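Comments concern the structure below.
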Amino acid sequence: MNWLQNLLTNPDSVAHIVALYAFVIACGVLLGKIKIFGVSLGVTFVLFVGILAGHFGFTGNASILTFVQDFGLILFVFCIGLQVGPSFFSSFKEGGVSMNLIAIGIVVLNIAVALTMYYLLGGRVQLPMIVGILCGAVTNTPGLGAANEALPQVDYNGPDIAMGYACAYPLGVMGIILSMILLRYICRVDLQKETDDLQNGDDKNARMKPYKFSVQVHNESIFGKTLVKIHQFLGRDFVCSRIMQNGHILIPNAKTVLGQDDVLHIVCAEDDAEAIVTFIGSRVDDINWEEEEKQDTPMVSRRILVTRSEVNGKTLSDLRVSSMYGVNVTRVNRSGMDLFASRALALQVGDRVMCVGPEDAIDRVADLLGNQLKRLDHPNIVTIFVGILVGILFGSLPVAIPGMPTPVKLGLAGGPLIIAILIGRFGYKVKLVTYTTMSANLMLREVGLVLFLASVGIKAGGKFFQTVVEGDGLLYVGIGFLITFIPLIVMGMIARFKLKLNYFTLMGLIAGSNTDPPALAYANTTAGNDAPSVGYSTVYPLAMFLRILTAQMIVLLLS
(Lines give C-alpha, C1' and ligand atoms only; values in the text may rest on other atoms or scores of the structure.)
Protein backbone atom coordinates (compact mmCIF):
# COMPACT_ATOMS: atom_id res chain seq x y z
CA MET A 1 0.00 0.00 0.00
CA ASN A 2 3.04 2.29 -0.12
CA TRP A 3 2.00 3.48 -3.60
CA LEU A 4 -1.34 4.70 -2.25
CA GLN A 5 0.28 6.44 0.71
CA ASN A 6 2.78 8.10 -1.62
CA LEU A 7 -0.03 9.21 -3.96
CA LEU A 8 -2.01 10.76 -1.11
CA THR A 9 0.70 12.32 1.01
CA ASN A 10 3.92 13.02 -0.94
CA PRO A 11 3.84 16.79 -1.64
CA ASP A 12 6.67 16.54 -4.19
CA SER A 13 4.99 13.83 -6.27
CA VAL A 14 3.59 15.04 -9.59
CA ALA A 15 0.92 12.34 -9.42
CA HIS A 16 -0.12 13.53 -5.95
CA ILE A 17 -0.38 17.18 -7.03
CA VAL A 18 -2.33 16.39 -10.21
CA ALA A 19 -4.69 14.07 -8.31
CA LEU A 20 -5.18 16.72 -5.62
CA TYR A 21 -6.08 19.38 -8.19
CA ALA A 22 -8.41 16.97 -10.02
CA PHE A 23 -10.23 16.11 -6.78
CA VAL A 24 -10.53 19.70 -5.57
CA ILE A 25 -11.71 21.04 -8.92
CA ALA A 26 -14.17 18.21 -9.63
CA CYS A 27 -15.77 18.42 -6.17
CA GLY A 28 -15.84 22.21 -6.25
CA VAL A 29 -17.52 22.38 -9.66
CA LEU A 30 -20.14 19.78 -8.66
CA LEU A 31 -20.92 21.55 -5.37
CA GLY A 32 -21.09 24.86 -7.22
CA LYS A 33 -24.17 23.61 -9.08
CA ILE A 34 -26.17 23.46 -5.86
CA LYS A 35 -28.63 26.36 -5.62
CA ILE A 36 -29.81 27.95 -2.40
CA PHE A 37 -32.92 30.12 -2.89
CA GLY A 38 -32.24 29.93 -6.62
CA VAL A 39 -28.66 31.22 -6.32
CA SER A 40 -25.44 29.21 -6.67
CA LEU A 41 -21.82 30.17 -6.00
CA GLY A 42 -20.60 28.47 -9.17
CA VAL A 43 -16.93 27.53 -9.52
CA THR A 44 -16.04 29.61 -6.43
CA PHE A 45 -16.80 26.43 -4.47
CA VAL A 46 -13.44 25.20 -5.81
CA LEU A 47 -11.81 27.67 -3.41
CA PHE A 48 -13.73 26.28 -0.43
CA VAL A 49 -12.97 22.65 -1.32
CA GLY A 50 -9.29 23.62 -1.71
CA ILE A 51 -9.35 25.23 1.76
CA LEU A 52 -10.88 22.07 3.19
CA ALA A 53 -8.26 19.88 1.51
CA GLY A 54 -5.46 22.11 2.80
CA HIS A 55 -6.93 22.04 6.30
CA PHE A 56 -6.70 18.25 6.40
CA GLY A 57 -3.09 18.32 5.28
CA PHE A 58 -3.47 17.57 1.57
CA THR A 59 -1.05 19.98 -0.05
CA GLY A 60 1.82 20.11 -2.52
CA ASN A 61 5.22 21.61 -3.15
CA ALA A 62 4.86 25.35 -2.49
CA SER A 63 6.74 26.41 -5.64
CA ILE A 64 4.56 24.17 -7.83
CA LEU A 65 1.37 25.49 -6.23
CA THR A 66 2.55 29.06 -6.82
CA PHE A 67 3.37 28.34 -10.46
CA VAL A 68 -0.05 26.75 -11.12
CA GLN A 69 -1.76 29.64 -9.32
CA ASP A 70 0.01 32.32 -11.36
CA PHE A 71 -0.37 30.49 -14.67
CA GLY A 72 -4.08 29.97 -14.03
CA LEU A 73 -4.46 33.67 -13.20
CA ILE A 74 -2.69 34.70 -16.44
CA LEU A 75 -4.92 32.44 -18.56
CA PHE A 76 -8.03 33.72 -16.81
CA VAL A 77 -7.42 37.46 -17.08
CA PHE A 78 -6.04 37.22 -20.63
CA CYS A 79 -9.14 35.41 -21.90
CA ILE A 80 -11.33 37.96 -20.12
CA GLY A 81 -9.38 40.72 -21.88
CA LEU A 82 -9.88 39.09 -25.29
CA GLN A 83 -13.59 38.74 -24.58
CA VAL A 84 -14.23 42.32 -23.46
CA GLY A 85 -11.70 43.99 -25.78
CA PRO A 86 -13.97 44.49 -28.82
CA SER A 87 -16.66 46.18 -26.69
CA PHE A 88 -14.40 47.94 -24.16
CA PHE A 89 -14.20 51.26 -26.00
CA SER A 90 -17.63 51.13 -27.65
CA SER A 91 -19.25 50.76 -24.20
CA PHE A 92 -18.63 54.47 -23.63
CA LYS A 93 -20.86 55.56 -26.52
CA GLU A 94 -24.26 57.22 -26.08
CA GLY A 95 -26.11 55.91 -22.98
CA GLY A 96 -23.14 53.80 -22.00
CA VAL A 97 -21.35 56.86 -20.61
CA SER A 98 -23.84 57.48 -17.81
CA MET A 99 -24.08 53.77 -17.01
CA ASN A 100 -20.31 53.44 -16.81
CA LEU A 101 -20.16 56.52 -14.56
CA ILE A 102 -22.54 54.77 -12.17
CA ALA A 103 -20.34 51.66 -12.30
CA ILE A 104 -17.25 53.78 -11.57
CA GLY A 105 -19.13 55.33 -8.64
CA ILE A 106 -19.87 51.85 -7.26
CA VAL A 107 -16.19 50.84 -7.57
CA VAL A 108 -15.03 54.06 -5.88
CA LEU A 109 -17.55 53.73 -3.05
CA ASN A 110 -16.56 50.07 -2.53
CA ILE A 111 -12.98 51.21 -2.03
CA ALA A 112 -14.04 54.16 0.15
CA VAL A 113 -16.09 51.92 2.48
CA ALA A 114 -13.22 49.40 2.67
CA LEU A 115 -10.65 52.06 3.57
CA THR A 116 -13.06 53.68 6.05
CA MET A 117 -13.48 50.36 7.85
CA TYR A 118 -9.71 49.90 7.86
CA TYR A 119 -9.10 53.25 9.57
CA LEU A 120 -12.09 52.93 11.94
CA LEU A 121 -10.76 49.60 13.16
CA GLY A 122 -7.42 51.24 13.94
CA GLY A 123 -5.36 48.75 11.99
CA ARG A 124 -6.88 45.67 13.69
CA VAL A 125 -7.22 44.19 10.20
CA GLN A 126 -4.19 44.67 7.94
CA LEU A 127 -4.76 46.56 4.70
CA PRO A 128 -3.96 43.61 2.37
CA MET A 129 -6.57 41.56 4.24
CA ILE A 130 -9.06 44.43 3.75
CA VAL A 131 -8.31 44.19 0.01
CA GLY A 132 -9.01 40.45 0.13
CA ILE A 133 -12.33 41.14 1.88
CA LEU A 134 -13.08 43.83 -0.73
CA CYS A 135 -12.51 41.36 -3.59
CA GLY A 136 -14.80 38.81 -1.93
CA ALA A 137 -17.46 41.40 -1.18
CA VAL A 138 -17.64 42.43 -4.85
CA THR A 139 -17.26 38.78 -5.99
CA ASN A 140 -14.24 39.58 -8.16
CA THR A 141 -11.74 36.73 -8.29
CA PRO A 142 -9.28 38.39 -10.73
CA GLY A 143 -8.94 41.27 -8.26
CA LEU A 144 -7.91 38.78 -5.58
CA GLY A 145 -5.33 37.37 -7.99
CA ALA A 146 -3.95 40.82 -8.76
CA ALA A 147 -3.73 41.73 -5.08
CA ASN A 148 -2.12 38.40 -4.24
CA GLU A 149 0.43 38.85 -6.99
CA ALA A 150 1.34 42.33 -5.70
CA LEU A 151 1.99 41.23 -2.10
CA PRO A 152 5.66 40.24 -2.60
CA GLN A 153 6.42 43.83 -3.63
CA VAL A 154 5.33 45.15 -0.21
CA ASP A 155 6.88 42.40 1.97
CA TYR A 156 3.53 41.33 3.44
CA ASN A 157 3.88 38.63 6.10
CA GLY A 158 0.34 38.46 7.47
CA PRO A 159 -2.38 35.80 7.02
CA ASP A 160 -3.41 34.77 3.51
CA ILE A 161 -5.80 37.38 2.10
CA ALA A 162 -7.80 34.56 0.48
CA MET A 163 -9.24 34.00 3.95
CA GLY A 164 -10.89 37.41 3.88
CA TYR A 165 -12.08 36.74 0.33
CA ALA A 166 -13.62 33.39 1.31
CA CYS A 167 -15.43 34.91 4.29
CA ALA A 168 -16.89 37.83 2.35
CA TYR A 169 -17.80 36.07 -0.92
CA PRO A 170 -21.00 34.12 -0.03
CA LEU A 171 -22.68 37.10 1.64
CA GLY A 172 -21.34 39.29 -1.20
CA VAL A 173 -23.43 37.33 -3.71
CA MET A 174 -26.49 37.51 -1.48
CA GLY A 175 -25.86 41.20 -0.71
CA ILE A 176 -25.88 42.10 -4.42
CA ILE A 177 -29.22 40.37 -4.94
CA LEU A 178 -30.61 41.81 -1.69
CA SER A 179 -29.69 45.32 -2.84
CA MET A 180 -31.67 44.76 -6.07
CA ILE A 181 -34.72 43.69 -4.06
CA LEU A 182 -34.41 46.58 -1.61
CA LEU A 183 -34.04 49.15 -4.41
CA ARG A 184 -37.24 47.82 -5.93
CA TYR A 185 -39.15 48.75 -2.75
CA ILE A 186 -37.28 51.97 -1.99
CA CYS A 187 -37.93 53.26 -5.52
CA ARG A 188 -41.48 51.83 -5.61
CA VAL A 189 -40.87 50.03 -8.87
CA ASP A 190 -43.82 48.77 -10.88
CA LEU A 191 -42.40 45.88 -12.93
CA GLN A 192 -45.15 46.08 -15.58
CA LYS A 193 -44.57 49.80 -16.04
CA GLU A 194 -40.82 49.20 -16.34
CA THR A 195 -41.51 46.61 -19.06
CA ASP A 196 -43.76 49.05 -20.94
CA ASP A 197 -41.22 51.89 -20.63
CA LEU A 198 -38.51 49.58 -21.89
CA GLN A 199 -40.59 48.69 -24.94
CA ASN A 200 -41.29 52.35 -25.66
CA GLY A 201 -37.60 53.12 -25.32
CA ASP A 202 -36.74 50.38 -27.82
CA ASP A 203 -39.23 51.83 -30.28
CA LYS A 204 -37.62 55.25 -29.97
CA ASN A 205 -34.12 53.85 -30.43
CA ALA A 206 -34.63 53.16 -34.09
CA ARG A 207 -31.05 54.17 -34.90
CA MET A 208 -29.94 50.67 -33.87
CA LYS A 209 -32.52 48.75 -35.93
CA PRO A 210 -31.67 47.65 -39.49
CA TYR A 211 -34.61 48.36 -41.80
CA LYS A 212 -35.38 47.18 -45.35
CA PHE A 213 -37.80 48.74 -47.81
CA SER A 214 -38.29 49.57 -51.49
CA VAL A 215 -38.56 53.11 -52.91
CA GLN A 216 -39.39 54.34 -56.42
CA VAL A 217 -37.49 57.28 -57.94
CA HIS A 218 -39.73 60.32 -58.56
CA ASN A 219 -37.45 63.23 -57.61
CA GLU A 220 -36.52 64.92 -60.91
CA SER A 221 -33.41 66.49 -59.39
CA ILE A 222 -31.74 63.07 -59.03
CA PHE A 223 -32.54 61.74 -62.51
CA GLY A 224 -29.22 60.87 -64.15
CA LYS A 225 -27.35 60.99 -60.83
CA THR A 226 -25.23 58.07 -59.56
CA LEU A 227 -25.82 56.23 -56.30
CA VAL A 228 -22.65 57.69 -54.80
CA LYS A 229 -24.03 61.19 -55.47
CA ILE A 230 -27.28 60.27 -53.74
CA HIS A 231 -25.24 59.22 -50.68
CA GLN A 232 -23.50 62.59 -50.70
CA PHE A 233 -26.74 64.57 -51.11
CA LEU A 234 -28.56 62.71 -48.35
CA GLY A 235 -25.76 62.45 -45.81
CA ARG A 236 -27.43 59.24 -44.57
CA ASP A 237 -25.88 55.79 -44.32
CA PHE A 238 -27.72 53.25 -46.49
CA VAL A 239 -27.02 50.33 -48.80
CA CYS A 240 -28.84 49.70 -52.09
CA SER A 241 -28.72 45.94 -52.51
CA ARG A 242 -30.80 45.66 -55.72
CA ILE A 243 -32.35 47.96 -58.31
CA MET A 244 -35.14 47.44 -60.85
CA GLN A 245 -34.69 49.33 -64.13
CA ASN A 246 -37.08 48.88 -67.07
CA GLY A 247 -38.48 45.73 -65.50
CA HIS A 248 -35.05 44.15 -64.98
CA ILE A 249 -33.57 43.42 -61.53
CA LEU A 250 -29.86 44.26 -61.31
CA ILE A 251 -27.09 44.52 -58.73
CA PRO A 252 -26.16 48.23 -58.52
CA ASN A 253 -22.78 49.75 -57.71
CA ALA A 254 -21.58 53.26 -56.84
CA LYS A 255 -21.63 54.30 -60.51
CA THR A 256 -25.16 53.08 -61.24
CA VAL A 257 -27.21 55.95 -62.75
CA LEU A 258 -30.77 56.45 -61.51
CA GLY A 259 -33.67 57.12 -63.86
CA GLN A 260 -37.35 57.94 -63.49
CA ASP A 261 -39.46 55.15 -61.94
CA ASP A 262 -36.42 53.01 -61.04
CA VAL A 263 -37.07 51.00 -57.85
CA LEU A 264 -34.36 50.65 -55.20
CA HIS A 265 -34.18 48.02 -52.46
CA ILE A 266 -32.67 49.88 -49.47
CA VAL A 267 -31.17 48.75 -46.15
CA CYS A 268 -30.71 51.50 -43.56
CA ALA A 269 -31.35 52.51 -39.95
CA GLU A 270 -35.06 52.65 -39.22
CA ASP A 271 -35.10 56.33 -38.31
CA ASP A 272 -33.33 57.23 -41.60
CA ALA A 273 -35.98 55.51 -43.73
CA GLU A 274 -38.47 58.37 -43.90
CA ALA A 275 -35.85 60.92 -44.97
CA ILE A 276 -34.56 58.60 -47.70
CA VAL A 277 -38.06 57.92 -49.04
CA THR A 278 -38.95 61.64 -49.03
CA PHE A 279 -35.77 62.55 -50.92
CA ILE A 280 -35.90 59.80 -53.56
CA GLY A 281 -39.60 59.38 -54.26
CA SER A 282 -42.28 57.14 -52.81
CA ARG A 283 -42.38 53.83 -50.99
CA VAL A 284 -43.55 50.71 -52.86
CA ASP A 285 -44.46 47.43 -51.21
CA ASP A 286 -45.42 45.07 -54.01
CA ILE A 287 -41.99 44.27 -55.49
CA ASN A 288 -40.93 40.63 -55.54
CA TRP A 289 -37.15 40.87 -55.61
CA GLU A 290 -36.82 37.09 -55.91
CA GLU A 291 -38.80 36.92 -59.20
CA GLU A 292 -36.40 35.10 -61.48
CA GLU A 293 -38.13 36.16 -64.72
CA LYS A 294 -37.05 39.77 -64.09
CA GLN A 295 -33.45 38.87 -63.25
CA ASP A 296 -31.07 38.99 -66.20
CA THR A 297 -28.81 36.82 -64.05
CA PRO A 298 -30.30 34.71 -61.19
CA MET A 299 -29.39 36.32 -57.84
CA VAL A 300 -29.16 34.98 -54.30
CA SER A 301 -28.67 36.35 -50.80
CA ARG A 302 -26.20 34.53 -48.60
CA ARG A 303 -24.27 35.04 -45.36
CA ILE A 304 -20.57 34.39 -45.85
CA LEU A 305 -18.28 33.68 -42.91
CA VAL A 306 -14.93 35.50 -42.82
CA THR A 307 -12.30 32.87 -41.99
CA ARG A 308 -9.23 33.84 -44.05
CA SER A 309 -6.60 35.60 -41.97
CA GLU A 310 -5.52 37.60 -45.05
CA VAL A 311 -8.88 39.40 -44.97
CA ASN A 312 -8.57 40.31 -41.28
CA GLY A 313 -8.48 44.11 -40.92
CA LYS A 314 -9.27 44.91 -44.54
CA THR A 315 -12.14 47.26 -45.31
CA LEU A 316 -14.95 46.55 -47.76
CA SER A 317 -13.45 49.30 -49.89
CA ASP A 318 -10.12 47.42 -49.99
CA LEU A 319 -11.82 44.20 -51.09
CA ARG A 320 -13.84 45.90 -53.89
CA VAL A 321 -16.44 43.12 -53.93
CA SER A 322 -18.95 45.36 -55.71
CA SER A 323 -16.77 46.57 -58.57
CA MET A 324 -14.76 43.36 -59.07
CA TYR A 325 -17.38 40.68 -58.37
CA GLY A 326 -20.71 42.44 -58.92
CA VAL A 327 -21.80 41.60 -55.36
CA ASN A 328 -23.29 44.00 -52.81
CA VAL A 329 -22.64 43.65 -49.08
CA THR A 330 -25.66 44.88 -47.12
CA ARG A 331 -24.89 43.94 -43.51
CA VAL A 332 -22.10 42.50 -41.38
CA ASN A 333 -22.98 40.45 -38.31
CA ARG A 334 -20.34 40.65 -35.59
CA SER A 335 -20.76 38.93 -32.22
CA GLY A 336 -24.52 38.68 -32.80
CA MET A 337 -24.95 42.35 -33.79
CA ASP A 338 -25.80 43.56 -37.30
CA LEU A 339 -23.60 46.41 -38.54
CA PHE A 340 -24.17 48.55 -41.62
CA ALA A 341 -21.76 47.58 -44.35
CA SER A 342 -20.10 50.95 -44.91
CA ARG A 343 -17.09 51.03 -47.22
CA ALA A 344 -14.84 51.98 -44.30
CA LEU A 345 -15.89 49.01 -42.14
CA ALA A 346 -12.89 46.76 -41.37
CA LEU A 347 -13.72 43.07 -41.45
CA GLN A 348 -12.56 40.68 -38.76
CA VAL A 349 -12.26 36.91 -38.72
CA GLY A 350 -15.57 35.54 -37.44
CA ASP A 351 -17.73 38.21 -39.12
CA ARG A 352 -20.76 37.02 -41.10
CA VAL A 353 -21.20 39.09 -44.23
CA MET A 354 -24.60 39.34 -45.97
CA CYS A 355 -24.00 39.38 -49.73
CA VAL A 356 -26.44 39.83 -52.61
CA GLY A 357 -25.55 38.98 -56.21
CA PRO A 358 -25.34 36.30 -58.90
CA GLU A 359 -24.71 32.86 -57.43
CA ASP A 360 -21.39 32.30 -59.21
CA ALA A 361 -20.17 35.73 -58.06
CA ILE A 362 -21.27 34.96 -54.49
CA ASP A 363 -19.22 31.76 -54.68
CA ARG A 364 -16.14 33.74 -55.71
CA VAL A 365 -16.64 36.17 -52.82
CA ALA A 366 -17.02 33.17 -50.49
CA ASP A 367 -13.62 31.91 -51.70
CA LEU A 368 -12.18 35.36 -51.11
CA LEU A 369 -13.47 35.61 -47.53
CA GLY A 370 -12.89 31.96 -46.64
CA ASN A 371 -16.31 30.73 -45.52
CA GLN A 372 -14.83 27.62 -43.92
CA LEU A 373 -16.37 27.02 -40.50
CA LYS A 374 -13.78 24.39 -39.56
CA ARG A 375 -11.08 27.05 -39.53
CA LEU A 376 -12.85 28.75 -36.65
CA ASP A 377 -13.07 25.55 -34.63
CA HIS A 378 -9.35 25.79 -33.86
CA PRO A 379 -8.33 28.51 -31.36
CA ASN A 380 -5.58 30.86 -32.49
CA ILE A 381 -2.89 29.61 -30.11
CA VAL A 382 -0.21 31.91 -31.57
CA THR A 383 -2.22 35.04 -30.79
CA ILE A 384 -2.96 33.84 -27.25
CA PHE A 385 0.63 33.09 -26.31
CA VAL A 386 2.12 36.07 -28.15
CA GLY A 387 -0.33 38.21 -26.21
CA ILE A 388 0.57 36.54 -22.92
CA LEU A 389 4.29 37.07 -23.61
CA VAL A 390 3.79 40.76 -24.42
CA GLY A 391 1.46 41.09 -21.42
CA ILE A 392 4.05 39.66 -19.02
CA LEU A 393 6.73 41.96 -20.44
CA PHE A 394 4.39 44.93 -20.11
CA GLY A 395 3.39 43.93 -16.58
CA SER A 396 7.05 43.61 -15.57
CA LEU A 397 7.95 47.17 -16.57
CA PRO A 398 8.78 49.18 -13.40
CA VAL A 399 6.92 52.48 -13.12
CA ALA A 400 8.47 55.02 -10.73
CA ILE A 401 5.90 56.96 -8.68
CA PRO A 402 6.98 59.93 -6.56
CA GLY A 403 6.93 59.05 -2.88
CA MET A 404 7.10 55.31 -3.50
CA PRO A 405 10.27 53.59 -2.22
CA THR A 406 10.17 51.02 -5.04
CA PRO A 407 8.80 51.20 -8.60
CA VAL A 408 5.30 49.82 -9.19
CA LYS A 409 4.55 47.03 -11.68
CA LEU A 410 1.23 45.98 -13.18
CA GLY A 411 2.30 42.38 -12.66
CA LEU A 412 0.94 39.10 -13.97
CA ALA A 413 -2.68 40.25 -13.78
CA GLY A 414 -2.67 43.87 -14.94
CA GLY A 415 -0.17 43.49 -17.78
CA PRO A 416 -1.83 40.58 -19.64
CA LEU A 417 -5.28 42.11 -19.05
CA ILE A 418 -4.41 45.45 -20.69
CA ILE A 419 -2.60 43.80 -23.60
CA ALA A 420 -5.50 41.37 -24.15
CA ILE A 421 -8.00 44.25 -24.28
CA LEU A 422 -5.83 46.07 -26.82
CA ILE A 423 -5.33 42.92 -28.91
CA GLY A 424 -9.06 42.14 -28.80
CA ARG A 425 -9.85 45.63 -30.10
CA PHE A 426 -6.92 46.49 -32.39
CA GLY A 427 -5.17 43.18 -33.07
CA TYR A 428 -6.39 43.02 -36.66
CA LYS A 429 -4.34 46.14 -37.44
CA VAL A 430 -1.13 44.19 -36.82
CA LYS A 431 -2.50 41.12 -38.63
CA LEU A 432 -3.23 39.19 -35.43
CA VAL A 433 -6.27 36.94 -35.76
CA THR A 434 -8.02 37.56 -32.46
CA TYR A 435 -11.16 35.54 -33.14
CA THR A 436 -11.68 32.67 -30.74
CA THR A 437 -14.88 30.68 -30.51
CA MET A 438 -16.89 31.39 -27.37
CA SER A 439 -16.50 27.76 -26.27
CA ALA A 440 -12.70 27.87 -26.66
CA ASN A 441 -12.44 31.17 -24.79
CA LEU A 442 -14.72 29.92 -22.03
CA MET A 443 -12.77 26.66 -21.71
CA LEU A 444 -9.39 28.41 -21.32
CA ARG A 445 -10.90 30.98 -18.98
CA GLU A 446 -12.58 28.40 -16.74
CA VAL A 447 -9.48 26.19 -16.64
CA GLY A 448 -7.40 29.17 -15.60
CA LEU A 449 -9.96 30.19 -12.96
CA VAL A 450 -10.31 26.79 -11.32
CA LEU A 451 -6.51 26.27 -11.27
CA PHE A 452 -6.11 29.64 -9.58
CA LEU A 453 -8.91 29.04 -7.04
CA ALA A 454 -7.73 25.53 -6.21
CA SER A 455 -4.16 26.76 -5.66
CA VAL A 456 -5.24 29.63 -3.43
CA GLY A 457 -7.52 27.35 -1.40
CA ILE A 458 -4.93 24.61 -0.91
CA LYS A 459 -2.27 27.11 0.17
CA ALA A 460 -4.60 28.93 2.57
CA GLY A 461 -6.28 25.84 4.01
CA GLY A 462 -3.64 24.98 6.60
CA LYS A 463 -4.35 28.05 8.74
CA PHE A 464 -7.80 29.01 7.53
CA PHE A 465 -10.02 27.65 10.29
CA GLN A 466 -7.68 28.73 13.06
CA THR A 467 -7.49 32.28 11.67
CA VAL A 468 -11.14 32.67 10.73
CA VAL A 469 -13.07 30.63 13.30
CA GLU A 470 -10.88 31.51 16.30
CA GLY A 471 -9.91 34.92 14.95
CA ASP A 472 -11.74 37.64 13.04
CA GLY A 473 -13.88 35.59 10.67
CA LEU A 474 -17.19 37.19 11.68
CA LEU A 475 -15.57 40.62 11.48
CA TYR A 476 -14.50 39.86 7.91
CA VAL A 477 -18.08 38.87 7.05
CA GLY A 478 -19.48 42.11 8.53
CA ILE A 479 -16.93 44.31 6.76
CA GLY A 480 -17.61 42.53 3.47
CA PHE A 481 -21.36 43.01 3.75
CA LEU A 482 -20.99 46.77 4.31
CA ILE A 483 -18.59 47.00 1.35
CA THR A 484 -21.15 45.22 -0.84
CA PHE A 485 -24.36 46.80 0.32
CA ILE A 486 -23.76 50.51 0.96
CA PRO A 487 -22.35 51.48 -2.50
CA LEU A 488 -25.06 49.56 -4.38
CA ILE A 489 -27.90 51.23 -2.48
CA VAL A 490 -26.38 54.73 -2.79
CA MET A 491 -25.48 54.52 -6.48
CA GLY A 492 -28.64 52.56 -7.30
CA MET A 493 -30.79 55.39 -5.92
CA ILE A 494 -28.76 57.97 -7.87
CA ALA A 495 -29.17 55.93 -11.08
CA ARG A 496 -32.89 55.56 -10.46
CA PHE A 497 -33.89 59.04 -9.25
CA LYS A 498 -31.31 61.19 -11.01
CA LEU A 499 -30.72 59.36 -14.29
CA LYS A 500 -34.18 57.73 -14.48
CA LEU A 501 -32.57 54.42 -15.40
CA ASN A 502 -34.93 51.54 -16.12
CA TYR A 503 -35.05 49.12 -13.17
CA PHE A 504 -34.27 46.04 -15.27
CA THR A 505 -31.27 47.76 -16.84
CA LEU A 506 -30.19 48.89 -13.36
CA MET A 507 -30.25 45.29 -12.15
CA GLY A 508 -27.88 44.32 -14.96
CA LEU A 509 -25.69 47.33 -14.21
CA ILE A 510 -25.42 46.29 -10.54
CA ALA A 511 -24.50 42.73 -11.51
CA GLY A 512 -22.01 43.95 -14.13
CA SER A 513 -20.30 46.44 -11.82
CA ASN A 514 -19.62 43.51 -9.48
CA THR A 515 -18.83 41.15 -12.40
CA ASP A 516 -21.21 38.67 -10.80
CA PRO A 517 -22.92 36.07 -13.07
CA PRO A 518 -25.23 34.66 -10.32
CA ALA A 519 -26.68 38.15 -9.79
CA LEU A 520 -27.19 38.51 -13.56
CA ALA A 521 -29.01 35.17 -13.63
CA TYR A 522 -31.35 36.42 -10.89
CA ALA A 523 -31.90 39.70 -12.77
CA ASN A 524 -32.71 37.89 -16.03
CA THR A 525 -35.20 35.63 -14.25
CA THR A 526 -36.92 38.63 -12.65
CA ALA A 527 -37.02 40.75 -15.82
CA GLY A 528 -37.97 38.17 -18.42
CA ASN A 529 -36.24 40.28 -21.10
CA ASP A 530 -32.70 41.09 -22.21
CA ALA A 531 -32.44 44.51 -20.51
CA PRO A 532 -30.32 43.18 -17.59
CA SER A 533 -27.90 41.56 -20.07
CA VAL A 534 -27.55 44.88 -21.91
CA GLY A 535 -26.78 46.72 -18.67
CA TYR A 536 -24.38 43.98 -17.59
CA SER A 537 -22.42 43.93 -20.85
CA THR A 538 -22.26 47.73 -21.02
CA VAL A 539 -20.41 48.16 -17.72
CA TYR A 540 -18.69 44.76 -17.38
CA PRO A 541 -15.51 45.57 -19.42
CA LEU A 542 -14.65 48.75 -17.52
CA ALA A 543 -15.72 47.31 -14.16
CA MET A 544 -13.53 44.23 -14.60
CA PHE A 545 -10.59 46.41 -15.63
CA LEU A 546 -11.02 48.71 -12.61
CA ARG A 547 -11.55 45.85 -10.14
CA ILE A 548 -8.28 44.21 -11.13
CA LEU A 549 -6.16 47.36 -11.23
CA THR A 550 -7.57 49.04 -8.11
CA ALA A 551 -7.08 45.93 -5.96
CA GLN A 552 -3.45 45.86 -7.01
CA MET A 553 -2.92 49.61 -6.66
CA ILE A 554 -4.34 49.71 -3.11
CA VAL A 555 -1.83 47.07 -2.03
CA LEU A 556 1.09 48.74 -3.77
CA LEU A 557 0.33 52.36 -2.90
CA LEU A 558 -1.09 52.15 0.62
CA SER A 559 0.47 49.09 2.25
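The values are calculated or read from the model by the stated rules, or taken from the named source; none is laboratory data. Just so it is clear, the structure is predicted and the values come from calculations on it, not from any experiment. Cβ sites come from the backbone with ideal geometry, for glycine too, and all protein chains shown count toward neighbours. Note: areas computed on protein heavy atoms with side chains; ligands, DNA, RNA excluded. Shrake-Rupley method; radii C 1.70, N 1.55, O 1.52, S 1.80 Å.
A few notes on this one:
- Put simply, the amide H of residue 284, placed in the peptide plane, has neighbours under 5 Å in 214, 215, 216, leaving out anything fewer than 5 places away on its chain.
- Charge dipole (debye, nearest 20) of the chain; +1 at Cβ of Lys and Arg, -1 at Cβ of Asp and Glu: 980 debye
- For the listed residue pairs 193/498; 33/500; 212/255; 35/459, the alpha carbons are over 25 angstrom apart in 33/500; 35/459.
- Between the exposed loop cleavage positions of the chain, defined as chymotrypsin sites (Phe, Trp or Tyr not before Pro) in a non-H, G, I, E, B DSSP state with at most 10 neighbouring beta-carbon atoms within 10 angstrom, the longest gap is 57-559.
- Environment charge of residue 44, counting only residues whose C-beta is closer than 13 Å and scoring Lys/Arg +1, Asp/Glu -1: -1
- Compared with the direct C-alpha span, the chain from residue 246 to residue 67 gains 57.2 nm at full extension, assuming 0.36 nm per residue.
- For region 122-136, the residues whose amide N sits under 18 Å from a probe point set 7 Å from the Cα of residue 490 along the beta carbon direction are 131, 134-135.
- Three-way shape call for region 14-79 based on the alpha-carbon gyration tensor, with the a/c threshold at 1.5: oblate
- Local electrostatic count at residue 480 - Lys and Arg +1, Asp and Glu -1, tallied over other residues with Cβ under 14 Å: -2
- Heavy-atom accessible area with a 1.4 Å probe sorts 194, 359, largest first, into 359, 194.
- Full extension of the chain segment joining residue 30 with residue 288 gains 87.3 nm, where the gain is 0.36 nm per residue of separation less the Cα-Cα distance.
- Once each of the trypsin sites (Lys or Arg not before Pro) sitting in a DSSP loop with at most 13 other beta-carbon atoms within 10 Å is removed, the chain keeps 321-430 as its longest stretch.
- Shape category assigned to region 49-163 from the gyration tensor of Cα positions, a/c cut at 1.5: oblate
- For region 141-290: rounded, prolate or oblate by the Cα gyration tensor [a/c cutoff 1.5]: prolate
- Here the calculated FRET efficiency for residue 231 and residue 189, from their Cβ-Cβ distance with R0 = 56 Å, stands at 0.80, rounded to the nearest 0.05.
- Computed over the chain: relative contact order in percent, which uses C-alpha pairs under 8 Å that are six or more apart: 27 percent
- Taking each DSSP H run with n ≥ 4 as -39500 (n - 2.57) and averaging over every residue of the chain yields -18500 deg cm²/dmol at 222 nm.
- Charge dipole (the chain, unit charges on Cβ, about Cα centre) - positive-most of 108, 511, 332: 108
- Ordering 527, 223, 75 by Cα displacement along the dipole of the chain toward the positive end leaves 75 in first place; charges were set at the Cβ atoms of Lys, Arg (+1) and Asp, Glu (-1).
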